[in-house]
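Comments concern the structure below.
The values are calculated or read from the model by the stated rules, or taken from the named source; none is laboratory data. These figures come from a predicted structure and were not determined experimentally. Virtual Cβ from ideal backbone geometry, glycine too; neighbours counted across all protein chains shown. The accessibility values were calculated without ligands, DNA or RNA, using every heavy atom of the protein model including side chains. Shrake-Rupley method; radii C 1.70, N 1.55, O 1.52, S 1.80 Å.
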Amino acid sequence: MNSSIGLMYRRLAGFLIDNLDLHEGFVIFEAGCGRGQLTIPFAKKLKEIIENFKIVAFDLSAGSYKGDLDVLKQNVTKEKLEEFIVTAKGDVRKITSLKNDSVDVIISNELLCELDRGGLKKALKEFYTILKPNGQMVHGELNPVPKNVAQRLVIEANLHSLETSKPKPEWFSPFSDEVITLMHELGFKDFIVKYFETDVRFSFKEAIEQLQKWHTDPAFIKMHVNELKKHGLEYPIEHVIFCKKPIC
C-alpha cells in the first residue's frame, strides 16, 4: 500500500473515533471493509481507549475484490486482533447474516460510490434494519467536485475504468445532499457532514502505477500523460456523513 494511503487510513480511523460516541461492548459493523485498509487501524486505535468491542468486517469479496476478506483475515491474525474483528461475506443490499437492531455503529468508507442509486437505497434500508435504535452511522466518500487538475484526473480516470465485473455506478461518488435525502426518507436523523483532508498525492510514476491498479483504459493514460507528468494525481477531500437511527 502506498505509504500516504496507509497514513490517510490511520488518520481517518482517528477522525472517526474522535467523532463517534463509542462505549464498551459496542458492536461495530463495517460495510465494504475490503482488505481492511480502515478496519485494522480503526481497531488498533479503538483498542487504545476501550477494551471490549467487536467489529464485524463485511464485504462482498467478489469480482475485482475477490479474495479481499482472505487478505483481511491474514492481517487480523498478523496484528493479533482476532478478539476484536470477525469477517462476514455478503451483499450490503441484502444483509442476511445479522439480526434486526443488532449493531451499535455502522461505518463505511468509499462504499456508496460502488452502488448505483437503486443499490444505494437498498443498502441504506438494510443499514436501518440492523442498526439499534439510537445507533450511530457514518459514511465517508470522496468529494465528486475537484479543486485542481490532479483531482480532476482521479475522477475522470474512474470513468475510464476497464473493470467489467459489474455495471458501473452512476457517479464517481454520490453528492452528500443526495445521500442525506435518501437517509432522511428512511427515517435517519441528526445529520452532520464533516470534511476530512485525505492528503494523498501521487507523483507521475506513482500515478501511472495507481492507474494501472485501477484498471484504467491505457488510452486515457496516453491521452493525459503530459498532465500526469505535470500534476500527478491527488485524492479529493472526503465528505463524511454522520447520522442516527431514532429511538422511536
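Working ranking of peptides 46-59, 218-231 by packing, defined as the average number of other Cβ atoms within 10 Å per residue, highest first, is 46-59, 218-231. Per residue, the accessible area of the chain comes to 50 Å², computed with a 1.4 Å probe over protein heavy atoms only.
Residues considered: Ile17, Ile107, Ile40. Largest GNM mean-square fluctuation over the chain, using C-alpha springs under 10 Å, is found at Ile17. Principal axis analysis of the Cα atoms in the chain yields extents of 55, 41, 31 Å, listed in decreasing size. Taking amide H as placed 1.01 Å from N in the peptide plane, the amide H of Thr216 sits under 5 Å from that of Leu162, each at least 5 places away or on another chain.
Would you be so kind as to identify which of Ile130, Val225, Ile28 lies farthest towards the positive end of the dipole of the chain, taking Lys and Arg as +1 and Asp and Glu as -1 on Cβ and the Cα centre as origin? Looking along the dipole axis, the top candidate is Val225. Taking N as the residue count of the stretch 1-139, its C-alpha radius of gyration divided by 2.2 N^0.38 Å amounts to 0.98. Among 129-137, 80-88, sorting by the average number of other beta carbon atoms lying within 10 angstrom of each residue, highest first, gives 129-137, 80-88.
Dividing the mean sequence gap of close Cα pairs (under 8 Å, 6+ apart) by how many residues the chain holds gives a relative contact order of 21 percent.
For the stretch 53-135, the alpha-carbon coordinates run over 36, 32, 20 Å along the three principal axes, in decreasing order. Across Val71, Val92, Val27, mean-square fluctuation computed from a Gaussian network of the chain (C-alpha pairs under 10 Å connected) peaks at Val71.
A simple charge model with +1 on the Cβ of Lys and Arg, -1 on the Cβ of Asp and Glu and nothing else charged puts the dipole of the stretch 47-91 at about 100 debye relative to its Cα centre. Kindly provide log₁₀ I(q)/I(0) values, in the same order as q = 0.12 Å⁻¹, from the Debye equation applied to equal alpha-carbon scatterers of the stretch 120-195. Values, matching the q order: -0.45.
With the full set of protein chains in place, find how many percent of the accessible area of the chain is carbon and sulfur; take the probe as 1.4 Å. All intermediate terms of the calculation are to be shown ahead of the outcome.
Values: 6340 of 12450 Å².
About 51 percent, which is the carbon plus sulfur part of the accessible surface.
Legend: residue pairs Lys45/Lys147; Lys66/Lys244; Lys122/Lys244, Cα-Cα distance threshold 26 Å; pairs beyond threshold, Lys45/Lys147; Lys66/Lys244.
Relative to one another, the C-alpha centroids of the stretch 195-244 and the stretch 55-76 are positioned 23 Å apart.
Decide, for the stretch 136-248, between rounded, prolate and oblate: order the square roots of the alpha carbon gyration tensor eigenvalues as a ≥ b ≥ c, take rounded if a/c falls under 1.5, and otherwise choose prolate if a/b is larger than b/c, else oblate. Because a/c hits 1.5 or more and a/b exceeds b/c, the stretch 136-248 counts as prolate.
Residues in the stretch 225-242 carry Karplus couplings, in order, of 4, 5, 5, 5, 5, 7, 10, x, 10, 8, 5, x, 5, 9, 9, 10, 9, 10 Hz; the curve used is 6.51 cos²θ - 1.76 cosθ + 1.60 with θ = phi - 60°, and Gly or Pro positions show x. Residues whose amide H falls under 5 Å from that of Thr87, counting only those 5 or more places apart or on a different chain, are Ala57, with hydrogens built in the peptide plane. Each Lys and Arg adds +1 at its Cβ and each Asp and Glu adds -1 at its Cβ; summed about the Cα centre, the stretch 78-152 shows a dipole of about 300 debye. If you plug the beta carbon distance of Val145 and Lys89 into 1/(1 + (r/R0)^6) with R0 = 30 Å, you get a FRET efficiency near 0.30. Counting heavy atoms of the protein chains alone, Cys248 has an accessible area of about 150 Å² for a 1.4 Å probe. Rounded to whole Å, the principal axis extents of the Cα atoms in the stretch 30-83 read 36, 21, 14, largest first. 3J(HN,Hα) along the stretch 182-199, derived from phi through the Karplus expression 6.51 cos²θ - 1.76 cosθ + 1.60 where θ = phi - 60°, amounts to 5, 4, 5, 4, 7, x, 5, 9, 6, 7, 9, 10, 10, 10, 10, 6, 6, 6 Hz, with x in place of Gly and Pro. Positive contributions from Lys and Arg (+1) and negative ones from Asp and Glu (-1), summed over other residues with Cβ under 14 Å from the Cβ of Leu124, come out at +2. Phi-derived couplings, Karplus 6.51 cos²θ - 1.76 cosθ + 1.60 at θ = phi - 60°, listed residue by residue for the stretch 66-73: 4, x, 4, 5, 5, 5, 4, 4 Hz, with x used for Gly and Pro.
The charge dipole of the stretch 1-159, taken about its Cα centre with unit charges on the Cβ atoms of Lys, Arg (+1), Asp and Glu (-1) only, comes to about 300 debye.
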